[in-house]
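Engineer: Take a look at the following structure, please.
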Amino acid sequence: MLREVFRQAWESLKRNRLRSVLTMLGIVWGIVAVTLLIAYGNSFRFVLVDGFNAFGRSAVICWPGHTSEQAGGERAGKPVVFEKEDVEFIRAEASLVKQMSLETVRWLPLTYGDHLVQTAIRGVFPEYGEIRNQVPADGRWFSQEDILERRRLVFLGGR
């Protein structure tokens, strides 16, 4: 019986050559399209994951803002700004927080020779480099000792 099924299929393929070729082409094209879409999706996922890891793995960022409701006798709309004392309090009380850094950003013009650029200048703690995966191509990231000795330093990022 199985032999008869194969014989009928072969005769049908020989009789309808164009239909058979187009059907096989459609199946092959479908398999190729699905394979390409899966590969595209996986590569897109890797690009996103690499982008997030470059930003800082397991990093939490808090921005200053304003209170939305009246709480604790304070008026609504009061500015909320993080200070160095807040960092010290969190370090003392939150044992699961491994590293943290304040970040102050100002947009300022910088000049070098005839070049003038408007760029972000960031004031950060020494832990910032490790939190945000900033690896120096040359030199080193600044340390707590640099801060204690009040050294004037700069970390220049690349493009």
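Every read-out reported here was derived from the displayed coordinates using simple, explicitly stated rules and does not represent laboratory data. Model, not experiment: these values are computed from the prediction.
Engineer: So between Trp107 and Glu93, what do we pick up on full extension, going 0.36 nm a residue minus the alpha carbon distance?
Structural biologist: Values: separation 14, 0.36 × 14 = 5.04 nm, distance 3.34 nm.
Gain on extension, Trp107 to Glu93, equals 1.7 nm.
Engineer: Quick check on the chain: helices-only [θ] at 222 nm, where DSSP H runs of length 4 and up contribute -39,500 (n - 2.57) each and the sum goes over total residues. Nearest 500, please.
Structural biologist: Details: 5 runs with 72 residues, N = 159.
The helix contribution divided over the chain gives -14500 deg cm²/dmol.
Engineer: What aspartates and glutamates sit close enough to Lys98 to cross-link, taking a C-alpha to C-alpha distance under 12 Å and skipping anything fewer than 8 places away on the same chain?
Structural biologist: Those aspartates and glutamates meeting the cut-off are Glu127, Glu130.
Engineer: Also: Based on alpha-carbon centroids, what's the gap between the range 5-60 and the range 102-125 in Å, whole number please?
Structural biologist: If you average the Cα positions of each part, the centres end up 48 Å apart.
Engineer: Between [x] 24, 23, 16; [y] 62, 24, 18; [z] 35, 20, 14, which matches semi-axes √(5λ) of the Cα gyration tensor in Å calculated for the structure shown?
Structural biologist: [y]
Engineer: Right, here's the next one. Do you know the relative contact order of the range 65-148, to the nearest whole percent, from alpha carbon pairs under 8 angstrom that are 6+ apart? Can you show the working numbers first?
Structural biologist: Values: 80 pairs, mean separation 14.9, N = 84.
Relative contact order comes out at 18 percent.
Engineer: Helix by helix through the chain, keep the DSSP H runs that span 24 Å or more along the axis on Cα and average at least -1.0 on Kyte-Doolittle, and give those back in order.
Structural biologist: Numbers: long enough: 17-55 (57 Å, 1.26).
What comes out of the filter, once short or polar helices are dropped, is 17-55.
Engineer: In straight Cα distance, which aspartates and glutamates are under 18 Å from Lys78, not counting same-chain residues fewer than 8 positions off?
Structural biologist: Lys78 reaches Glu69, Asp86.
Engineer: Now, a different point. Between rounded, prolate and oblate, where does the range 65-148 land on the alpha carbon gyration tensor, with a ≥ b ≥ c its root eigenvalues, rounded for a/c under 1.5, else prolate if a/b exceeds b/c? Let's see the in-between values first.
Structural biologist: Values: a/c = 3.13, a/b = 1.41, b/c = 2.21.
Here the range 65-148 falls in the oblate category.
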